[in-house]
Amino acid sequence: MKKGIWPLFGQLLVLGLILPCVTVSADLPGVINQVRPSIVAVGTVQPTRTPRSVFLGTGFIVGAGLHAVTNMHVIPEKIDFARKESIAVFSGRGKNAKVYLAELVARDDDHDLALLEIQGQPLPALKIGNSNRVREGEEYAFTGFPIGMILGLYPVTHRGIVSAVTPIVIPATSADRLSASQIRRMRNPYTVFQLDATAYPGNSGSPLYETETGRVIGVINSVFVKQTKEAVLSAPSGISYAIPAQYVGALLRKAGIAD
C-alpha cells in the first residue's frame, strides 16, 4: 500500500467503513426459541393425589417426537400402578402445559440415562450432536426446570463453558473410601463435561446444546456424577456436570430409534 493511502485507510477503519475480520456471535435467543418446545418436565401423575402432578426433573424430545431422554435417577424406583400413578412428561409453559403419559422403554444405568415413550401427538425433537468434538473452553447452553415445581413450568436457560473434560471417577487415596458404585464405575471409566454454569436439582436431564445449532452434546447430571466424583466431600461442591451425548446416541440406537 502506498504511503499516501495510509491516512485514508486509518480514517476509514475508524469510521467502520473497512471492517476487521470478526466472528459474528450466534443468535442465542433464536436458538433458545428453537430448543424450548422440545424441553419437557419429567415426573408422575396420580388422579387421587394432591398435588396430582409432581415434577422430578427435566427431559428433552428426540427421534420422531414420541420419545424423551432424561436421567435414570429422575425416574422413581417404584410407581404405584395400583393407585393409577404413571410416569408423565409435561410440555408447554405455565398453565398452558399439557400432560403426556409415558413409559420407560430403555435405560442405561452406567451413564444414568433413561428413554421414555410418550402417548399422544409427536412433539418437536432435538438432534444429537458429536460430543467427541467438544473442547475445553467452548461455550454451550442448557435449558430446563431448576428446582422443579417451586418455579413451575417455565424453562430456564443457563450458559457457560466446558471447564474440563474429566473422568467420572478419580481413584480414592485409600480403598476403604471407595463405594460399591465407585468400584463399578472404575471398571468401565468414561469422561464427563465439567461446566462453569450452575445447574440445580430440577435441571437433571436438561440438554446441553450448541449455542449456534441447538444440537445436543450432553445431558446435565449433578446427582449421579457428584455421588461418584465428590463422595468424599461432606458438602458436595456447586460444580455442574454433563454426560456426553454419545451415550444418548447409543441408547437410541439400542432402542431402534434414529437420532
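The values are calculated or read from the model by the stated rules, or taken from the named source; none is laboratory data. What you see is a predicted model, and the numbers here were worked out from it, not measured in a lab. Using ideal geometry, Cβ is built from the backbone for each residue, glycine included, and neighbour counts are taken over all protein chains shown. Heads up: the accessible areas ignore ligands, DNA and RNA and are worked out on the full protein's heavy atoms, side chains in. Shrake-Rupley method; radii C 1.70, N 1.55, O 1.52, S 1.80 Å.
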>> Tell me the residue from 118, 128, 87, 147 that is open to solvent by 70 Å² or more (accessible area, probe 1.4 Å) and touching a residue at least 40 places away in the same chain (Cβ under 8 Å), please.
In response: 147
>> Restricting to region 27-52, and then to whatever is at pLDDT 95 or above and not in a helix (DSSP H, G or I), can you tell me which residue is surrounded by the fewest Cβ atoms within 10 Å (Cβ to Cβ)?
In response: 46
>> If I filter region 112-127 for residues that are in contact with a His (Cβ under 7 Å, 6 or more places away or on another chain), more than 22 Å from residue 76 (Cα to Cα) and assigned to a strand (DSSP E or B), do I get at least one hit?
In response: no
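Let's see how each residue does on (1) open to solvent by less than 40 Å² (accessible area, probe 1.4 Å); (2) at pLDDT 95 or above; (3) over 17 Å from residue 166 (Cβ atoms):
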residue: 190; (1), (2), (3): yes, no, no
residue: 207; (1), (2), (3): yes, yes, yes
residue: 215; (1), (2), (3): no, yes, yes
residue: 224; (1), (2), (3): yes, no, no
residue: 257; (1), (2), (3): yes, no, yes
>> Being under 12 Å from the mean Cα position of the chain (by Cα) and at pLDDT below 95 is the filter here; which residues of region 113-143 pass it?
In response: none
> Is it the case that region 89-109 has a residue that's assigned to a helix (DSSP H, G or I), of a type in the set (Val, Ile, Thr) and touching a strand residue (DSSP E or B) at 6+ places or on another chain (Cβ under 6 Å)?
Replying inline: no
> Looking at region 193-205, is at least one residue open to solvent by 20 Å² or more (accessible area, probe 1.4 Å), at pLDDT 90 or above and within 27 Å of residue 141 (Cβ to Cβ)?
Replying inline: yes
>> I need every pair where a residue in region 99-111 that is at pLDDT 95 or above and charged (D, E, K, R) has its Cβ under 6 Å from the Cβ of a residue that is in a strand (DSSP E or B) and open to solvent by 70 Å² or more (accessible area, probe 1.4 Å), sequence separation at least 6 or different chains.
In response: 103/117
>> Being open to solvent by less than 10 Å² (accessible area, probe 1.4 Å) and part of a loop (DSSP other than H, G, I, E, B): is that true of residue 65 here?
In response: yes
>> residue 159 - would you say it is part of a strand (DSSP E or B) and either at pLDDT below 95 or surrounded by fewer than 21 Cβ atoms within 10 Å (Cβ to Cβ) (or both)?
In response: yes
> Which residue out of 60, 55 is crowded, with 20+ Cβ neighbours inside 10 Å and either modelled with pLDDT under 95 or of a type in the set (Lys, Arg) (or both)?
Replying inline: 55
